[in-house]
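Encoded as structure tokens, the structure appears first; notes follow it.
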Amino acid sequence: MERLSLIKITEKIFRLIVKPNQTETRILKYDDARKAYRMIVAAPPEDNKANKEIILFFKKKLKKNVAILSGMSSREKLIKVL
């Protein structure tokens, strides 16, 4: 399921809804109503750990650099593929 979600990420900028403090890091699904990908992250939200985990996850999976444009302290983030 995760691989299918990553194949869909063809946009240069996309929305992400994050749930931190989980057992693993992966994409759950695309939320059509919110026009965003839902993702769980193993890292806690303190000290930017969840944000760093998100960047490393997408860098590894997409084989491209990514940046968080907005939502550094929010569960809703705007991600840009560089």
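Any read-out appearing in this document is the output of simple, stated calculations on the displayed coordinates, not a laboratory observation. Remember, it's a predicted structure, so these values are computed and weren't measured experimentally. Glycine also receives a Cβ, built like all others from the backbone with ideal geometry; neighbour counts cover every protein chain displayed.
Miscellaneous remarks
- Order of Val41, Val81, Val66 under a 10 Å beta carbon neighbour criterion, fewest first: Val81, Val66, Val41
- 19 Å Cα-Cα threshold exceeded, pairs from Lys29/Lys49; Lys19/Lys64; Lys29/Lys77; Lys19/Lys49; Lys35/Lys60: Lys29/Lys49; Lys19/Lys64; Lys35/Lys60
- Long-range HN-HN contacts of Leu28 with modeled amide H, under 5 Å: Arg38, Met39, Ile40
- For a straight C-alpha distance cut-off of 17 angstrom, the aspartates and glutamates reachable from Lys52 (same-chain residues fewer than eight places away being disregarded) are Glu24, Glu76.
- In a fully extended conformation the segment linking Lys80 and Thr23 would gain 18.0 nm over its present Cα-Cα distance, using 0.36 nm per residue.
- Taking a Cβ cut-off of under 13 Å around Leu69, the surrounding Lys, Arg, Asp and Glu residues balance to a net charge of +2, with basic ones at +1 and acidic ones at -1.
- Longest DSSP-loop-exposure-free segment, GluC sites (Glu not before Pro), the chain, at most 12 other Cβ within 10 Å: 25-82
- When Rg and the Kirkwood radius Rh are both evaluated on Cα atoms of segment 2-81, their ratio Rg/Rh stands at 0.91.
- Assigned charges on the beta-carbon of Lys, Arg, Asp, Glu; the chain dipole about Cα centre (debye): 340 debye
- Distance between the modelled labels on Tyr30 and Asn65, one decimal in nanometres: 2.7 nm (7 Å Cα→Cβ projection).
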